[in-house]
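Novice: Mind having a look at this structure? Questions to follow.
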Amino acid sequence: QVQLVESGGGLVQPGGSLRLSCAASGFTSSAYFMNWYRQAPGKERELVAGISADGNTNYAGSVKGRFTISRDNAKKMVFLQMNSLKPEDTALYYCNLQSSWYTGWGQGTQVTVSS
């Protein structure tokens, strides 16, 4: 059974940093995309960043230059380094795995940016 577990969220002041982690388990394939999505209250879930199996990345325009996605294939983990955080980054952040054999989500980790 595939599981995705996020961690690293919390309360941070504007301009601060957080590093989110997502631990995946329950499979052996390395052929999958890993993405971070977020959803703020009253808004639709949006793609924040994604990374392919061979390390190609893409970012939403609103986070480009501030966020960095990375992955450790051996440990089946994906990370989101978030710098220069803004109040508008406040949301529930979800880890997402996409492949030909499975698509699923973690339970989310809350990020709140506030003074």
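Novice: Would you mind checking the radius of gyration and Dmax of region 25-93 based on alpha-carbon positions, in Å?
Specialist: When restricted to Cα atoms, region 25-93 yields Rg and Dmax of 12.9, 38 Å.
Novice: Expressed as a whole percentage, what fraction of the accessible surface of region 1-100 belongs to carbon and sulfur atoms when a 1.4 Å probe is rolled over the protein heavy atoms?
Specialist: Values: 2430 of 5100 Å².
C and S atoms contribute 48 percent here.
Novice: Would you tell me the accessible area of Lys75, worked out with a 1.4 angstrom probe on the heavy atoms of the protein chains, in Å² to the nearest 10?
Specialist: In the full protein context, Lys75 sits at about 140 Å².
Novice: Just grab the label-to-label distance for Ser30 and Thr57, each label 7 Å out from Cα along the Cβ direction, in nm (one decimal).
Specialist: 2.0
Novice: Pick out, in residue order, every one of the GluC sites (Glu not before Pro) in region 1-81 that is DSSP loop and has at most 16 other C-beta atoms within 10 Å; say none if there are none.
Specialist: Of the GluC sites (Glu not before Pro), the ones in loops of region 1-81 whose Cβ has at most 16 other Cβ atoms within 10 Å are Glu44.
Novice: Here is a further query. Taking the Cα centre of the chain as the origin, how large is its charge dipole in debye, to the nearest 20, when only Lys and Arg (+1) and Asp and Glu (-1) carry charge on their Cβ atoms? Walk me through the numbers on the way to the answer.
Specialist: Working: 10 positive and 7 negative charges, 23 e Å.
Roughly 120 debye, rounded to the nearest 20.
Novice: Counting heavy atoms of the protein chains only and a 1.4 Å probe, report the per residue accessible area for the chain as a whole number of Å².
Specialist: Values: 5940 Å² over 115 residues.
Solvent-accessible surface per residue comes out at 52 Å².
Novice: Run the quick spin-label model on Glu46 and Gln1: label points 7 Å from Cα toward the beta carbon, then report their separation in nm to one decimal.
Specialist: 3.4
Novice: May I ask you to derive the relative contact order of region 1-83, considering only C-alpha pairs under 8 Å and at least 6 residues apart, and to give it as an integer percent? Let's see the in-between values first.
Specialist: Details: 143 pairs, mean separation 24.3, N = 83.
The normalised contact order for region 1-83 reaches 29 percent.
Novice: Would you work out which of Gln110, Gln13, Gln1 lies farthest towards the positive end of the dipole of the chain, given +1 charges on the beta-carbon of Lys and Arg and -1 on that of Asp and Glu, about the Cα centre?
Specialist: Value computed over the given set: Gln13.
Novice: If you don't mind, another one. What is the local net charge at Ser62, summed over the other residues whose Cβ is closer than 11 Å to its Cβ (Lys, Arg +1; Asp, Glu -1)?
Specialist: Neighbourhood net charge equals +1.
Novice: Contour minus end-to-end for Ser114 and Trp101, with contour as 0.36 nm per residue of separation and end-to-end as the Cα-Cα distance?
Specialist: 0.8 nm
Novice: Kindly sort Val48, Val2 by accessible area of their heavy atoms, largest first, with the probe set to 1.4 Å.
Specialist: Val2, Val48
The values are calculated or read from the model by the stated rules, or taken from the named source; none is laboratory data. Predicted model, so just to flag it, every value in this text is computed and none were measured. No Cβ is skipped: glycine too gets one built from the backbone with ideal geometry, and neighbour counts run over all protein chains shown. SASA here: full protein model, heavy atoms, side chains in, ligands and nucleic acids out. Shrake-Rupley method; radii C 1.70, N 1.55, O 1.52, S 1.80 Å.
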